[in-house]
Amino acid sequence: MATDTQTSRTVAEKFVERLGRQDPDGIQELFAEEIDWHVPGSDALPWTGRRTRREEVAPYFTTMWPHFAHGGSKVVLERVIVDGGDVVLLAVWTHTVVATGKEFTTPAAMHLMVEDNRIVRMHLYEDTLTVEKAFNAG
């Protein structure tokens, strides 16, 4: 069943709102049981990679967030594009890495797909080289 644009926008708005208040369980409940999740990265960034189950969503955030200095992040959501079940979030985020003290900024695009009021797909596109460099102490 095709998802209408307004439903997708509402689900995406809930996602962004819960992300902003760092509510991993609230984010997780927006996802379907089976998901297509991909965050490119490397072994040096333990939260990156693929996930296929709803219960893997909250651990993504609880693994990632402690690596960034509390109060040292800025997210600018520049645009939300919705077409049926597809939602694309265009943003720029800046984080400070706790271990190195390095700050990085990267443009990012997140593609969500909504079906039956649940997110079934989340693919993140960001400058993974810039992220990884900020985690290197050298």
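Readers should treat all values here as calculations from the given coordinates under stated rules, not as data from a laboratory. Here the structure is a predicted model, which means the values were calculated and not measured. Here the Cβ is made from the backbone with ideal geometry for all residues, glycine too, and neighbour counts use every protein chain on show.
When a footprinting reagent is the concern and you count Cβ atoms within 10 Å, what order do Ile119, Ile27, Ile81 take, fewest first? Walk me through the numbers before you get to the answer.
On the way: Ile119 26, Ile27 22, Ile81 13.
So the ranking, lowest neighbour count to highest, is Ile81, Ile27, Ile119.
For the chain, give me the percentage of DSSP beta bridges that are antiparallel, rounded to the nearest 5 percent.
Working: 33 of 37 bridges.
Bridges in the chain that DSSP calls antiparallel: roughly 90 percent.
In debye, nearest 20, what is the charge dipole magnitude of the chain about its Cα centre with +1 on Lys and Arg Cβ and -1 on Asp and Glu Cβ, if you could check? Mind dumping the intermediate values first?
Values: 14 positive and 21 negative charges, 80 e Å.
Using Cβ point charges on Lys, Arg, Asp and Glu, the chain gives about 380 debye.
Any idea what angle helix 5-20 forms with the longest principal axis of the chain, computed on alpha-carbon atoms, 0 to 90 degrees, nearest 10?
Once rounded, the angle reads 30 degrees.
Averaging sequence separations of C-alpha pairs under 8 Å and six or more residues apart, then dividing by the length of region 5-135, give the relative contact order as a whole percent. Let's see the in-between values first.
On the way: 254 pairs, mean separation 33.6, N = 131.
About 26 percent, as a whole number.
Please give the contour-minus-distance gain from Thr130 to Trp65: 0.36 nm per residue of separation, less the Cα-Cα distance, rounded to one decimal in nm. Numbers along the way, then the final one.
Details: separation 65, 0.36 × 65 = 23.40 nm, distance 1.72 nm.
Taking 0.36 nm per residue and subtracting the Cα distance, the gain is 21.7 nm.
So between Ser42 and Thr5, what do we pick up on full extension, going 0.36 nm a residue minus the alpha carbon distance? Don't skip to the answer; put the middle values down first.
Values: separation 37, 0.36 × 37 = 13.32 nm, distance 3.40 nm.
Length difference between fully extended and current span is 9.9 nm.
Calculate the translational D of the chain in whole µm² s⁻¹ from Stokes-Einstein, where the hydrodynamic radius comes from the Kirkwood formula applied to all Cα pairs, the temperature is 25 °C and the viscosity 0.890 mPa s.
Working: Rh = 15.4 Å.
Translational D for this selection: 160 µm²/s.
Based on alpha-carbon centroids, what's the gap between region 64-112 and region 23-54 in Å, whole number please?
Using only Cα atoms to place each centre, the spacing works out to 15 Å.
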